[in-house]
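The values are calculated or read from the model by the stated rules, or taken from the named source; none is laboratory data. Computed from a prediction, not measured in an experiment: that's the story for all the values here. In this analysis, Cβ positions are derived from the backbone assuming ideal geometry, glycine residues included, and neighbour counts consider all displayed protein chains. The protein model used for the area step is the full one, side chains on, heavy atoms only, and it has no ligands, DNA or RNA in it. Shrake-Rupley method; radii C 1.70, N 1.55, O 1.52, S 1.80 Å.
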Amino acid sequence: MNYRPTLADLRALSAIVTHRSFRKAADELGLSPSTLSHLMRSLEANMGVRLLNRTTRSVAATEAGERLVTRLTPLFRDFDLALEEVNEFRGHPSGTLKINTSEIAAQVLLDAAVPTFLTRYPDMSLDLVTDNRLVDVIADGFDAGIRLREAVPLDMIAVEFGGDTRFVAVASPAYLAAHPAPQTPDALKSHACIRFRLPSGKLFRWEFEKHGHELVVDVPGVLTLDHVELMAQAAAKGLGIAYVSDRTARPFLESGALVTVLDDWCPAIPGLCLYYPGHRHVPQGLRAFITVLTEVERHRQ
């Protein structure tokens, strides 16, 4: 076969397979879905093999398409790394830094680190993806990720920031006036609890600790949400007890809309970390962001 696809064609195919969506891939590539679909039909016709299975509602790689993208993924990483190494001769960072994070962590970064970074390095762009999934930062094409310290993979380098954190159980004064406050985590089983659904579809289990004794509770509840801010708002409306980070709860606690329960069962835990693979070349932009993050953390202390 004399036909050789362009790098742009192959990156487009990889984006479609990764997102399993023409629309999401088109958004990433800056194309319209119809243009991207036409591009893929031309690629398949020129290569003489079907690479994608399409339905009206989804798209997935064929065996041939999956095999091709699997082989291309490390090549794309090497290609991007080569460009990054050349970019370092510019003397100042440029390009896009892509970080997977949670909404709460993004709020912490937006307080100081992000404004400082973008002001100091005007040739850099920052892409914060707040889908709240626990992703493989390497496989999913991120430069770094942010998680609680206890959830960072052991083979990653971690940079702590933001200090310790707490998860707290909160309810409105009106709810507690009608329902006696629980004295132990087990007592939550007789309360209306506002549950959190993880991106995986599983329900988050509430974890407590007191004097080294740990308890994990599968709480009952008639309301389940997938956004922590909505959980705090629901609790403030008297719909039950929520279990959220102290940062999410803080404005509600300060206004008196919420109060904490089971306070002595909610100790501080190690907070957020930016993490990245130590066995790979660290992009110049990521090194610059880590420097800014470290400076901000030093001033916070």
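Points to keep in mind about this one:
- Across the chain, the mean sequence separation of Cα contacts (distance under 8 Å, 6 or more residues apart), normalised by length, yields a relative contact order of 21 percent.
- Dmax and Rg, reported as Rg then Dmax, of region 218-301 (C-alpha, Å): 18.2, 51
- Rg to Rh quotient for region 92-137, alpha carbon positions, Kirkwood Rh: 1.00
- For region 158-199, Kirkwood radius (reciprocal of mean inverse C-alpha pair distance, Å): 13.2 Å
- On the principal axes of its alpha carbon atoms, region 260-301 extends 46, 26, 12 Å, with the longest extent given first.
- Linear extension gain, residue 64 paired with residue 42, 0.36 nm per residue minus alpha-carbon span: 6.3 nm
- Entry for region 9-112 at q = 0.14, 0.18, 0.25 Å⁻¹: log10 I(q)/I(0) = -0.71, -0.96, -1.29, Debye formula applied to identical alpha-carbon scatterers, no solvent contribution.
- Principal-axis analysis of the Cα atoms of the chain puts helix 246-255 at an angle of about 50° to the longest axis.
- Max mean-square fluctuation residue, GNM over the chain, Cα-Cα springs under 10 Å, options 222, 69, 170: 222
- When a 1.4 Å probe is rolled over the protein heavy atoms, the share of accessible surface on region 166-228 that falls to carbon and sulfur comes to 55 percent.
- Accessible surface, region 226-301, averaged per residue in Å² (probe 1.4 Å): 46 Å²
- Out-of-range pairs (alpha-carbon distance over 32 Å; input 98/189; 189/237; 98/202; 24/202; 98/210): 98/189; 98/210
- Hypothetical label at residue 218: residues of region 150-187 whose amide nitrogen lies under 18 Å (7 Å Cα-Cβ projection): 185-187
- Where labels lie 7 Å past Cα in the beta-carbon direction, separation of residue 127 and residue 96 in nm: 0.3 nm
- Convex hull projection area averaged over all views, the chain, Cα basis, nm²: 19.8 nm²
- Additional length obtainable on full extension of the chain from residue 291 to residue 23, 0.36 nm per residue less Cα span: 92.9 nm
- Taking a Cβ cut-off of under 12 Å around residue 51, the surrounding Lys, Arg, Asp and Glu residues balance to a net charge of 0, with basic ones at +1 and acidic ones at -1.
- Within region 264-301, trypsin sites (Lys or Arg not before Pro) in DSSP loop having at most 11 other beta-carbon neighbours inside 10 Å: 280
- Inter-label distance for residue 264 and residue 4, nm, one decimal - labels placed 7 Å from Cα along Cα-to-Cβ: 7.3 nm
- Column: log10 I(q)/I(0), Debye, Cα scatterers of region 161-256, q = 0.10, 0.11, 0.18, 0.24 Å⁻¹: -0.25, -0.31, -0.84, -1.42
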